[in-house]
Amino acid sequence: MIAKSFNIVLLAVKQLTRHRIRSLLTILGVAAGMFLFATVETMQGSLRRATQTTADDTTLVVYRDNRFCPATSRLPEHYESTIRKIEGVREVIPIQIVVNNCGASLDIIAFRGVPPDSLTKYAPQIQVLDGTVESWKQRSDAALLGRHFAARRGLKVGDRFDAAGVVVHVAGIIDSPEPQDNNVAYVHLPFLQQASRAGLGVVTQFNVRVTSAERLDPVAKEIDEYFRSEQAPTRTRPEKAFFADTAQELVELVGFTRWLGLGAVAAVLGLVANAVLLVVRARVKENAVLQTLGFGQRAIALLVAVEGVLLGLAGGVLGVLSALAFLRWQSITIGNEGVTLAIMPDLDVVLRGLLTAFALGLLASLYPAWQAARRPIVSSLRAV
Amino acid sequence: MSSHESFIRCRGVTKTYHKGNTPVTPLSALDLDVPRGTFLALMGPSGSGKTTLLNLIAGIDSPTSGSLHVGGVDIAKLKRGQLTKWRASHVGYIFQLYHLVPILSAFENVELPLLLAPLSRKERHRQVQVALELVGLGDRSDHRPSELSGGQEQRVAIARAIVANPALLVADEPTGDLDRESATQILNLLRELVREHGKTIVMVTHDPRAAAVADTVLHLEKDRLVEAADLNMQAA
């Protein structure tokens, strides 16, 4: 059975080379559709990872109540000592964020100012690819750049650059499993407070680590309750909920792309179905000849279906891998209200893309396969 | 010859199909006996039912009524799937226009009927090579149909028909598209397959020269066999 199926697959591959241009055009069309599908899936997946809270998440973001942009969220830095005393709080890090654009943008530049000694607590996952953390600590205007940020701007260790009115010296390039870290510049908090004219003692937000996920809600409530009557009241949310709330426009925009993905899937389905139908109609007599040679209805249907699946898979591999290469090379980051969403493909997207391409190829060839298999031999042999 | 010894035995075979709303009956209550190892030529005007009879004997069509035994099997009673399996091992079909798959080499075309057979790749290739040698094209196995002459293409088609070693070969005007010399070579090859390899061949032809090579010539006139040209053949 396996050997027979393998022989049919080999025959289908040969048949596809029969009309090379037609097969190639179909594969390119499928690749274009699957490129779009994989890109949309990557955006959806990146958004999902950025906004869906998991059981391991223990970070809260304390932001100024009713403010959505870092430029307007101003909190006294001394809140840190008060927050630190709340039961269940493990770590508090004041952060100043400066961005070049609060609206939705594809070229967001975000500075994160953290106390120099707290960097490794705030982002323990970062790895320094070039330069050192020590040299960053020693120089007050030093910046550690996420690798995508550095690549996008063509920056390397020793360079100086100016953005959003802040001039920094590149002390290192970092890599992190957290996509956001790869798209920001870490600088000293006091430096950023002065350079951005926010002033010393003023921060954008506090990142608060709690002892366990169960403590997220109680600690958030307690923080907000404590500062409710202060001049700068707070709103505290889990980090991912903060992202989802703050970047609402971004979430809606990326959510809309789901329709583009569905459109791409429909286009691929139509394209493969059309190509396979043309193949079946052009080979009415040949399929009848194969049946006289002993090919049964199932074998004929399998031959047609395999051609459809091969077209779908070839286009799928090309499209998905192109999307993967494009997104990695471009390292696209969408920013909104100071938060950034890195559009990074992962293995899940690749597997889902290939599986979708396989399923579309199969689905598109079901009707043509059924049509080819059920035609009577004699009338097919008479077909012109 | 007794009908018990017939390789092909038709009794009361009728075939009716519809052209639009009009029923057409190319064969009506046909009786026919063909002994094993016979080269039978079927002649007759267009529309007389020659090809219909050939298709019924080859198992690619089924009679509307009657019984049709080939090699002891009543193929009229076989279902489509059973007929397919039966064809794969018992019949080789030779077409007027060869019907080779253009993208495949001569070797690959001949290999087609064996692709679904339970054979090892080595055994399959051996059988293909034997078939190609038999038709005199052992040295053309990697040529595609477009690189072969009409006569060579038909010889590849014959190799394809015999590669699974069927006892019965059916040929629908196998020389109709060939020049005189190529036609003669093909007919001699068919003759040799009967004489040397014991095949039974049923051939439809319009060409009296082709029919002359056969052991027996039958004429179909208005849905009936009207003439038996050989004493060993019993046609009613």
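Does the stretch A:186-197 contain any residue that is touching a residue at least 40 places away in the same chain (Cβ under 8 Å), open to solvent by 80 Å² or more (accessible area, probe 1.4 Å) and farther than 28 Å from A:Asp346 by Cβ?
Looking through the stretch A:186-197, none of the residues is touching a residue at least 40 places away in the same chain (Cβ under 8 Å), open to solvent by 80 Å² or more (accessible area, probe 1.4 Å) and farther than 28 Å from A:Asp346 by Cβ.
If a residue has to be out of contact with any Lys or Arg (no Cβ under 8 Å at 6 or more places or on another chain) and part of a helix (DSSP H, G or I) to count, how many in the stretch B:93-130 make the cut?
Result for the stretch B:93-130: 11.
Could you tell me which numbered condition B:Thr25 fails, if it satisfies all but one of (1) surrounded by fewer than 17 Cβ atoms within 10 Å (Cβ to Cβ); (2) within 18 Å of the chain's Cα centre (by Cα); (3) among the polar types (S, T, N, Q)?
All conditions are met except number (2).
Do you know which residues across the stretch B:182-236 are of a type in the set (D, E, K, R) and at pLDDT below 90? Please lay out each step first, then the result.
We begin by selecting, within the stretch B:182-236, every residue of a type in the set (D, E, K, R); these are B:191-192, B:195-196, B:199, B:207, B:209, B:215, B:221-224, B:227, B:230.
Passing the criteria: B:Glu221, B:Lys222, B:Asp223, B:Arg224, B:Glu227, B:Asp230.
Consider A:Gln205 against the criteria (1) touching a helix residue (DSSP H, G or I) at 6+ places or on another chain (Cβ under 8 Å); (2) at pLDDT 90 or above; (3) not hydrophobic (A, V, I, L, M, F, W, C): it satisfies all of them except one. Which criterion is unmet?
(1)
So which of B:Asp177, B:Asp172, B:Asp142 is surrounded by fewer than 17 Cβ atoms within 10 Å (Cβ to Cβ), under 20 Å from A:Val289 (Cα atoms) and either of a type outside the set (A, V, I, L, M) or more than 14 Å from every other protein chain (Cβ to nearest Cβ) (or both)? Spell out the reasoning first.
Working: B:Asp172 fails: surrounded by fewer than 17 Cβ atoms within 10 Å (Cβ to Cβ); B:Asp142 fails: under 20 Å from A:Val289 (Cα atoms).
None of the others qualify; the one that does is B:Asp177.
Can you find even one residue in the stretch B:160-180 that is under 30 Å from A:Thr17 (Cβ atoms), touching a Pro at 6+ places or on another chain (Cβ under 8 Å) and in a loop (DSSP other than H, G, I, E, B)?
The answer is yes; a qualifying residue exists.
If you scan the stretch A:183-237, which residues turn out to be closer than 30 Å to A:Gln52 by Cβ and hydroxyl-bearing (Ser, Thr, Tyr)?
Correct list: A:Tyr186, A:Thr204, A:Thr211, A:Ser212, A:Tyr226, A:Thr234, A:Thr236.
So which residues in the stretch B:92-130 are at the interface with chain A (Cβ under 10 Å from one of its Cβ atoms), open to solvent by 50 Å² or more (accessible area, probe 1.4 Å) and farther than 20 Å from A:Pro376 by Cβ, if there are any at all?
B:Pro102, B:Pro118, B:Leu119, B:Ser120, B:Arg121
Looking at the stretch B:188-225 only, could you name the residues that are β-branched (Val, Ile, Thr) and either open to solvent by less than 10 Å² (accessible area, probe 1.4 Å) or not in a loop (DSSP other than H, G, I, E, B) (or both)? Even if it seems obvious, please write down each step before you answer.
Going residue by residue through the stretch B:188-225, those that are β-branched (Val, Ile, Thr) are B:194, B:200-202, B:204-205, B:213, B:216-217.
Hits for the stretch B:188-225 are B:Val194, B:Thr200, B:Ile201, B:Val202, B:Val204, B:Thr205, B:Thr216, B:Val217.
List the strands (runs of 3 or more DSSP E) that sit entirely inside the stretch B:1-84 and contain at least 3 residues that are among the hydrophobic types (A, V, I, L, M, F, W, C). Spell out how you get there, then give the answer.
Working: elements: B:6-19, B:22-35, B:39-43, B:65-70.
It comes to B:6-19, B:22-35, B:39-43.
Within the stretch B:131-139, can one find any residue that is assigned to a loop (DSSP other than H, G, I, E, B) and surrounded by fewer than 23 Cβ atoms within 10 Å (Cβ to Cβ)? Talk me through it step by step, then tell me what you get.
Of all residues in the stretch B:131-139, those assigned to a loop (DSSP other than H, G, I, E, B) come to B:135-137.
Retained after the next criterion (residues that are surrounded by fewer than 23 Cβ atoms within 10 Å (Cβ to Cβ)): B:136-137.
There is at least one residue in the stretch B:131-139 that is assigned to a loop (DSSP other than H, G, I, E, B) and surrounded by fewer than 23 Cβ atoms within 10 Å (Cβ to Cβ).
Kindly provide the set of residues from the stretch A:114-128 that are of a type in the set (A, V, I, L, M, F, W, C) and farther than 19 Å from A:Ile97 by Cβ, ordered by number.
The initial filter retains those residues of the stretch A:114-128 that are of a type in the set (A, V, I, L, M, F, W, C), namely A:114, A:119, A:123, A:126, A:128.
The one that is of a type in the set (A, V, I, L, M, F, W, C) and farther than 19 Å from A:Ile97 by Cβ: A:Val128.
So which residues in the stretch A:122-168 are open to solvent by 70 Å² or more (accessible area, probe 1.4 Å) and part of a strand (DSSP E or B)?
A:Gln127, A:Leu129, A:Asp130, A:Arg160, A:Asp162
Given the structure, is A:Val289 within 14 Å of chain B (Cβ to nearest Cβ) and either part of a helix (DSSP H, G or I) or open to solvent by 10 Å² or more (accessible area, probe 1.4 Å) (or both)? Can you show your working first?
On the way: within 14 Å of chain B (Cβ to nearest Cβ): yes; either part of a helix (DSSP H, G or I) or open to solvent by 10 Å² or more (accessible area, probe 1.4 Å) (or both): yes.
Spelling it out, A:Val289 is indeed within 14 Å of chain B (Cβ to nearest Cβ) and either part of a helix (DSSP H, G or I) or open to solvent by 10 Å² or more (accessible area, probe 1.4 Å) (or both).
I'd like to know if the stretch A:65-82 contains one or more residues that are open to solvent by less than 60 Å² (accessible area, probe 1.4 Å), in a helix (DSSP H, G or I) and not polar (S, T, N, Q).
The answer is yes, given that some residue of the stretch A:65-82 is open to solvent by less than 60 Å² (accessible area, probe 1.4 Å), in a helix (DSSP H, G or I) and not polar (S, T, N, Q).
What about A:Arg64, is it in contact with a strand residue (DSSP E or B) (Cβ under 8 Å, 6 or more places away or on another chain), farther than 26 Å from A:Ala110 by Cα, away from every other protein chain (no Cβ under 14 Å) and at pLDDT 85 or above?
Values: in contact with a strand residue (DSSP E or B) (Cβ under 8 Å, 6 or more places away or on another chain): yes; farther than 26 Å from A:Ala110 by Cα: no; away from every other protein chain (no Cβ under 14 Å): yes; at pLDDT 85 or above: yes.
No.
Tell me, yes or no, whether the stretch A:16-25 has at least one residue that is among the aliphatic types (A, V, I, L, M), closer than 30 Å to A:Ile334 by Cβ and away from every other protein chain (no Cβ under 14 Å).
Narrowing the stretch A:16-25 to residues among the aliphatic types (A, V, I, L, M): A:16, A:21, A:24-25.
Keeping just the survivors that are closer than 30 Å to A:Ile334 by Cβ gives none.
Checked against the condition, which is being among the aliphatic types (A, V, I, L, M), closer than 30 Å to A:Ile334 by Cβ and away from every other protein chain (no Cβ under 14 Å), the stretch A:16-25 yields no hits at all.
Take the residues in the stretch A:337-379 that are basic (Lys, Arg) and under 30 Å from B:Gly20 (Cβ atoms), then tell me which one is most open to solvent (accessible area, probe 1.4 Å).
Going through the stretch A:337-379, the residues basic (Lys, Arg) turn out to be A:352, A:374-375.
In the following step, the residues that additionally are under 30 Å from B:Gly20 (Cβ atoms) were identified as A:374-375.
Details: A:Arg374: 127, A:Arg375: 93 Å².
The residue in question is A:Arg374.
Regarding the stretch A:189-210, can at least one residue be identified that is in the same structural domain as A:Ile95 (by TED's automatic domain parsing), under 28 Å from the mean Cα position of the chain (by Cα) and part of a helix (DSSP H, G or I)? Break it down stepwise before answering.
In the first step, residues of the stretch A:189-210 are kept if they are in the same structural domain as A:Ile95 (by TED's automatic domain parsing); the result is A:189-210.
Applying the additional criterion that residues be under 28 Å from the mean Cα position of the chain (by Cα) yields A:204-210.
Applying the additional criterion that residues be part of a helix (DSSP H, G or I) yields none.
Within the stretch A:189-210, none of the residues are in the same structural domain as A:Ile95 (by TED's automatic domain parsing), under 28 Å from the mean Cα position of the chain (by Cα) and part of a helix (DSSP H, G or I).
Within the stretch B:71-91, which residues are crowded, with 17+ Cβ neighbours inside 10 Å and either more than 18 Å from B:Ile201 (Cβ to Cβ) or at the interface with another protein chain (Cβ under 10 Å from one of its Cβ atoms) (or both)?
Within the stretch B:71-91, B:Ala76, B:Leu78, B:Leu83, B:Thr84, B:Trp86, B:Arg87, B:Ala88, B:His90, B:Val91 meet the criteria.
Yes/no matrix, rows are residues, columns are (1) assigned by TED's automatic domain parsing to the domain that holds A:Ala264; (2) open to solvent by less than 30 Å² (accessible area, probe 1.4 Å):
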residue	(1), (2)
A:Phe6	yes, no
A:Val13	yes, no
A:His19	yes, no
A:Ser23	yes, yes
A:Val30	yes, yes
A:Ala38	yes, yes
A:Ser46	yes, yes
A:Asp56	no, no
A:Thr59	no, yes
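Might you check whether a residue that is of a type in the set (A, V, I, L, M, F, W, C) and open to solvent by 50 Å² or more (accessible area, probe 1.4 Å) occurs anywhere in the stretch B:35-57? Let's see the steps before the verdict.
Initially, the stretch B:35-57 is screened for residues of a type in the set (A, V, I, L, M, F, W, C), giving B:39-43, B:53-54, B:56-57.
After this cut, where a residue has to be open to solvent by 50 Å² or more (accessible area, probe 1.4 Å) as well, the list is none.
Within the stretch B:35-57, not a single residue is of a type in the set (A, V, I, L, M, F, W, C) and open to solvent by 50 Å² or more (accessible area, probe 1.4 Å).
The values are calculated or read from the model by the stated rules, or taken from the named source; none is laboratory data. Not measured: the values here are computed from a predicted model. Cβ atoms come from the backbone with ideal geometry, glycine included; neighbour counts cover every protein chain shown. These accessible areas exclude ligands, DNA and RNA; they are computed on the full protein's heavy atoms, side chains included. Shrake-Rupley method; radii C 1.70, N 1.55, O 1.52, S 1.80 Å.
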